[in-house]
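Scroll down for the structure; my scribbles are underneath it.
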Amino acid sequence: MARPLLLDEVVRQLRAMIHDGALEPGSKIPERQLCGQLGISRTPLREAYRVLANEGLVELKAHHSSRVTRLDSGEVDHIFEVMEGLEALAGELACERLDDAGLEEIRAQHQRMMASYRKRNKTLFFKLNQDIHERIIQASANPVLIRTYEGLSGRMRRARHMALNTEAQWRAAAAEHEAIMKALAARQGQELARLLRSHLRGKRDKVKKLLAARRD
């Protein structure tokens, strides 16, 4: 058995690799490479597979290398439908409940994100993009909404990462976030809800097209 702290760290790192797209949906997990990269034996790595399999992120197959679970088009639809509703409601509540200090923190993250866009730093852009969405969720000050969102956010994160696949998609995401920030700053709850729904719906359509192309 792996030591608990070691196992937790291996799980955390593998989960991050899957969420961030370093290990792509449907790909074999390079066991030998990861053992070297993480400085561990195969035992804790395989135990981590079982934890991630319970989360739906890894497929365990007898006598074959484990794989990252593929994103299913139907599941993408279902997850995005729920997330659209959660983010739209969070946007409305945030406009009512977010204090000026919290707004300035989100504005600062937005400015950093746009600077990363101008510098063509896609990794930092995506990280800040995700942080802004999560800060809006937290600003709802609704613990039930927050817990529900957190339960789905890992699976959504993989799909969102795929939706920034081209230069045009990246440019569109940056423009949409400018509009989102403007509505939040103006405390226009219904407009922010509409923008967040549209933002996620666009990402869903891009992910589904990409999944369809990979099947062809």
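Do we have any residue at all in segment 20-28 that's in contact (Cβ under 8 Å) with a residue 40 or more places away in the chain, touching a helix residue (DSSP H, G or I) at 6+ places or on another chain (Cβ under 8 Å) and on the phi > 0 side of the Ramachandran plot? Within segment 20-28, one or more residues are in contact (Cβ under 8 Å) with a residue 40 or more places away in the chain, touching a helix residue (DSSP H, G or I) at 6+ places or on another chain (Cβ under 8 Å) and on the phi > 0 side of the Ramachandran plot. Number of residues in segment 31-40 that are surrounded by fewer than 13 Cβ atoms within 10 Å (Cβ to Cβ) and either in contact (Cβ under 8 Å) with a residue 12 or more places away in the chain or not in a loop (DSSP other than H, G, I, E, B) (or both): the value is 4. Within segment 151-166, is there a residue that is surrounded by fewer than 16 Cβ atoms within 10 Å (Cβ to Cβ), assigned by TED's automatic domain parsing to the domain that holds L211, assigned to a loop (DSSP other than H, G, I, E, B) and in contact with a helix residue (DSSP H, G or I) (Cβ under 6 Å, 6 or more places away or on another chain)? No, that holds for no residue. If you go through segment 49-74 and keep only what is in a helix (DSSP H, G or I) and within 13 Å of L23 (Cβ to Cβ), you end up with Y49, L52. For the subset of segment 67-98 comprising residues that are out of contact with any helix residue (DSSP H, G or I) (no Cβ under 9 Å at 6 or more places or on another chain) and exposed (fewer than 13 other Cβ atoms within 10 Å of the Cβ), which member is nearest to L200 (Cα to Cα)? Step by step, filter segment 67-98, then rank; the result is H78. Scanning segment 86-120 for residues being in contact (Cβ under 8 Å) with a residue 12 or more places away in the chain and part of a helix (DSSP H, G or I) gives a total of 24. With respect to the conditions (1) more than 30 Å from A212 (Cα to Cα); (2) of a type outside the set (D, E); (3) surrounded by 14 or more Cβ atoms within 10 Å (Cβ to Cβ), L57 lacks only one, and its number is (1). Only one residue in L103, L128 is more than 20 Å from G26 (Cα to Cα) and in contact with a Lys or Arg (Cβ under 8 Å, 6 or more places away or on another chain). Which one? Testing whether each residue is more than 20 Å from G26 (Cα to Cα) and in contact with a Lys or Arg (Cβ under 8 Å, 6 or more places away or on another chain) leaves just L128.
The values are calculated or read from the model by the stated rules, or taken from the named source; none is laboratory data. Owing to the predicted nature of the structure, the values given are computational and were not obtained by experimental measurement. Using ideal geometry, Cβ is built from the backbone for each residue, glycine included, and neighbour counts are taken over all protein chains shown.
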